[in-house]
1. Here are some residues: Arg203, Arg211, Arg230. Which one is in a helix (DSSP H, G or I) and under 22 Å from Pro284 (Cβ atoms)?
2. Quickly run through segment 233-269 and pick out the residues that are in a helix (DSSP H, G or I) and over 22 Å from the mean Cα position of the chain (by Cα).
3. Please verify whether segment 37-55 includes one or more residues that are under 16 Å from Arg120 (Cβ atoms) and surrounded by 16 or more Cβ atoms within 10 Å (Cβ to Cβ).
4. May I ask you to say which residue of Ile79, Ile128 is of a type in the set (Val, Ile, Thr) and within 24 Å of Ala214 (Cα to Cα)?
5. Let me spell it out: the conditions are (1) touching a residue at least 40 places away in the same chain (Cβ under 8 Å); (2) farther than 18 Å from Thr194 by Cβ, and Asp219 meets all of them except one. Which number is the exception?
6. Give segment 78-91 a look and list any residue that's free of Cβ contacts under 8 Å to residues at least 60 places away in the same chain and either of a type in the set (Ser, Thr, Tyr) or crowded, with 17+ Cβ neighbours inside 10 Å (or both), or say none.
7. Could you pull out the residue among Leu97, Leu123 that is at pLDDT 90 or above, surrounded by 15 or more Cβ atoms within 10 Å (Cβ to Cβ) and among the aliphatic types (A, V, I, L, M)?
Amino acid sequence: MTDRFRELERPSAERKKDVVLMATVSSFEGLSHPSKSELRQFAELFMPLFAASTPEAKREAVAALSQNPNVPSAVAFFIACQPIGLSAPFLISSKALDDETLIAVARTQGGAHARTIVRRDDLSPTVIDTLVGLRHSRQAPARPAVEDSEAASPSQPVQKTIAEREEELRQQLRTMAQHLNRPHSDTLGALRLTEVQEALLVRFARERNARQFAKALSDCLSASHLLSERVMLDISGQQLATTLIGLGMDFADAAFVLGCFYPHLKARNGDMTGAEIMLEKLDPAQCENRIESWRRADLYTVNPDDTERQGREQRIPAEKLVVRR
């Protein structure tokens, strides 16, 4: 028995450790209603086996457990706190992650984990409110690692058409132009979207969820809900476009958001949509100044001590926030 344990410690035994890990996961998957003792035993076995296995085996184990609602809470938190390249599938789809665990992971693991949590289909209002107000001090990659892994997934075409590549290049050039047009005297105090906030705005726009979008936008502006609702009620889309550019949203994301809430801006004129044409005409510095003037007016209009009550009394129906053409 001692010789067998020593054999497992050797580098040549990595494959055996992988086999033991997957066998443990498979055995757990076979339990439709695991008892408390079985859950405890699985947790005690899984974590050390996982730590000793190869990255390939870890990914397979996480993918399998992400579909299992019976994963013990300790194991669920352990997996969710792994590097994003491993934990992404679990963060997106696992039913074993409750609201408290999701919030703890978002607060402790950084921007990449929080942006991945945004991609869940079943986010509760509590988690959404936490993510909206969350501020990450650390710099994070511009795109979630889960998107990179999806891009390399065999289920998606690897090669892109020439037209798609040209369109990506145009979007990159437009985004660069927006940043180049910013004045050298940009103040450090200017409002800027965090990556979590931008991801939430894009998510709510994709879902046509005008109420949650307006709520998230008011948080980004540090203003009342009335201001964000007035911005969205401009049926031309000009005020929302001004707001998104002033907050520093990515050009392609801003065009997507405008197209979701103002369908007439999806119409193409040559190789550009109405939303893209509108955004290209905006000067970022002027947009920032416009936002500041709106916020000052909002501050004088709404009594800070009574903002929530007035917001509830004067709430605008969500269906009126979406322009239908």
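The values are calculated or read from the model by the stated rules, or taken from the named source; none is laboratory data. Computed from a predicted structure; not experimentally measured. Glycine also receives a Cβ, built like all others from the backbone with ideal geometry; neighbour counts cover every protein chain displayed.
1. On the way: Arg203 fails: under 22 Å from Pro284 (Cβ atoms); Arg211 fails: under 22 Å from Pro284 (Cβ atoms).
After applying the criteria, what remains is Arg230.
2. So in segment 233-269, the residues in a helix (DSSP H, G or I) come out as 238-246, 251-261, 263-266.
Hits for segment 233-269 are Gln238, Gln239, Thr242, Pro263, His264, Leu265, Lys266.
3. Residues of segment 37-55 that are under 16 Å from Arg120 (Cβ atoms), as a first pass: none.
Scanning segment 37-55, I find no residue that is under 16 Å from Arg120 (Cβ atoms) and surrounded by 16 or more Cβ atoms within 10 Å (Cβ to Cβ), so the answer is no.
4. When all the criteria are applied, what remains is Ile128.
5. Unmet condition: (2).
6. Of everything in segment 78-91, those that are free of Cβ contacts under 8 Å to residues at least 60 places away in the same chain and either of a type in the set (Ser, Thr, Tyr) or crowded, with 17+ Cβ neighbours inside 10 Å (or both) turn out to be Phe78, Ile79, Ala80, Gln82, Leu86, Ser87, Pro89, Phe90, Leu91.
7. Details: Leu123 fails: at pLDDT 90 or above.
When all the criteria are applied, what remains is Leu97.
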